[in-house]
1. Checking the structure you have, find out if any residue of region 97-108 is surrounded by fewer than 18 Cβ atoms within 10 Å (Cβ to Cβ), on the phi > 0 side of the Ramachandran plot and part of a loop (DSSP other than H, G, I, E, B).
2. Please state which of the following conditions residue 91 fails to meet, knowing it meets all the rest: (1) within 19 Å of residue 50 (Cβ to Cβ); (2) in a loop (DSSP other than H, G, I, E, B).
3. Assigned to a loop (DSSP other than H, G, I, E, B) and either crowded, with 18+ Cβ neighbours inside 10 Å or at positive phi (or both): does that describe residue 85?
4. Out of 124, 145, report the one residue that is in contact (Cβ under 8 Å) with a residue 12 or more places away in the chain, under 20 Å from the mean Cα position of the chain (by Cα) and within 21 Å of residue 51 (Cβ to Cβ).
5. Could you tell me which numbered condition residue 121 fails, if it satisfies all but one of (1) at pLDDT 60 or above; (2) buried (at least 16 other Cβ atoms within 10 Å of the Cβ); (3) out of contact with any helix residue (DSSP H, G or I) (no Cβ under 9 Å at 6 or more places or on another chain)?
6. Please verify whether region 73-81 includes one or more residues that are free of Cβ contacts under 8 Å to residues at least 24 places away in the same chain, surrounded by fewer than 17 Cβ atoms within 10 Å (Cβ to Cβ) and out of contact with any helix residue (DSSP H, G or I) (no Cβ under 6 Å at 6 or more places or on another chain).
7. Considering every residue within region 143-153, establish whether at least one is in a helix (DSSP H, G or I), at pLDDT 95 or above and out of contact with any strand residue (DSSP E or B) (no Cβ under 9 Å at 6 or more places or on another chain).
């Protein structure tokens, strides 16, 4: 290699790190007359979208029970009745999973968000510091504590509709 070629090679090699840091070219504009790509809706901090729910497995339910015993039992109690040692002093009292409706809906994604962000105007704090997997485990464990057919009665929150009341049958007076 002659001297001018060697000098050029050294110059190119020396410039590579600088060229690698150069900003990328702006994206090409769509052709004239082509429909513009729809803009993504801005994120709503009040209602963040949950990640995709993992499949409910016995292992996930067991992990949820272990996490519940550490993170939820003090307020919600061993049976989920809201009578934990800390829960007895809270106002409003923690939710009783056997009879109280979920305030933010009873679908797994809604319960996951309640666990993640907490519930406004209640002592229920968010547990975003727990891993996503642990929050899903808690979600499924909590939903297992709800008697079948129960949950949120708030149709606007995506829950199952309330069961219609049946008319009371009048009592027959005893024969005299």
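1. no
2. If we test residue 91 against (1) within 19 Å of residue 50 (Cβ to Cβ); (2) in a loop (DSSP other than H, G, I, E, B), just (1) comes out false.
3. Values: assigned to a loop (DSSP other than H, G, I, E, B): yes; either crowded, with 18+ Cβ neighbours inside 10 Å or at positive phi (or both): no.
No; evaluated as a whole, the condition is false for this residue.
4. On the way: 145 fails: within 21 Å of residue 51 (Cβ to Cβ).
Going through 124, 145 in turn, the sole match is 124.
5. Every condition holds for residue 121 apart from (2).
6. yes
7. First, pick out the residues of region 143-153 that are in a helix (DSSP H, G or I): 143-144.
Restricting the remaining residues to those that are at pLDDT 95 or above gives 143-144.
Next cut, out of contact with any strand residue (DSSP E or B) (no Cβ under 9 Å at 6 or more places or on another chain) only: 143-144.
Yes: one or more hits.
The values are calculated or read from the model by the stated rules, or taken from the named source; none is laboratory data. Here the structure is a predicted model, which means the values were calculated and not measured. Please note: Cβ atoms are built from the backbone with ideal geometry, for glycine as well, and neighbour counts cover all protein chains shown.
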